[in-house]
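See below for the structure under consideration.
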């Protein structure tokens, strides 16, 4: 199970920011030079959540995600970077291995029905 999310990054201009922010725009304040967003399709929602919840952290204590981008021009002539966000290959393999181990444990438990014996109950056998 994997996901693909698409997004876009656009260049900010003072005029664009003034229009978006109205009276809240402050000439003296520094604003991001670019901004944008990405979206996850409904059919990818479960795969995205599973990846985030099961992925091991990297050496920076983060979940690795692959991002690639392409220079594009909108139908209105606006330049932007189109983004694709996908699982990191090694991280995805670790997620798949973790989920497979959990599934194997579940299947093993189903193969041997019954209940576990608590330590006090176990003492009574000796």
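Here, each number is a calculation from the coordinates, and none is a lab measurement. These numbers were taken from a predicted model, which means no experiment stands behind them. Please note: Cβ atoms are built from the backbone with ideal geometry, for glycine as well, and neighbour counts cover all protein chains shown.
Tilt of helix 45-54 relative to the longest C-alpha principal axis of the chain, in degrees (0 to 90, nearest 10)?
60 degrees
Using Cα atoms only, what is the angle between the long axis of helix 89-111 and the major principal axis of the chain, expressed in degrees (0 to 90) to the nearest 10?
30 degrees
Report the full-extension gain for the segment residue 73 to residue 93: residue separation times 0.36 nm, less the Cα-Cα distance, to one decimal in nm. Please list the in-between numbers first.
Values: separation 20, 0.36 × 20 = 7.20 nm, distance 3.48 nm.
Stretched fully, the residue 73-residue 93 segment lengthens by 3.7 nm.
How would you rank 5-12, 22-29, 77-84, highest first, on the average number of other Cβ atoms within 10 Å across their residues? List each step's numbers first, then the result.
Details: 5-12: 15.6, 22-29: 8.0, 77-84: 13.4.
In decreasing order of mean packing, 5-12, 22-29, 77-84 become 5-12, 77-84, 22-29.
From the list (i) 28, 14, 14; (ii) 31, 17, 12; (iii) 50, 18, 13, can you say which value of semi-axes √(5λ) of the Cα gyration tensor in Å was derived from the structure given?
The listed entry that was calculated here is (iii).
Report the extension gain between residue 13 and residue 44 in nm, rounded to one decimal, defined as 0.36 nm multiplied by the number of residues separating them, less their alpha carbon distance. Don't skip to the end; give the middle numbers.
Values: separation 31, 0.36 × 31 = 11.16 nm, distance 3.31 nm.
Separation in residues times 0.36 nm, less the Cα-Cα distance, equals 7.8 nm.
Roughly what would the spin-label model give for residue 6 and residue 110, points 7 Å off Cα along C-beta, in nm?
So the two model labels end up 3.7 nm from each other.
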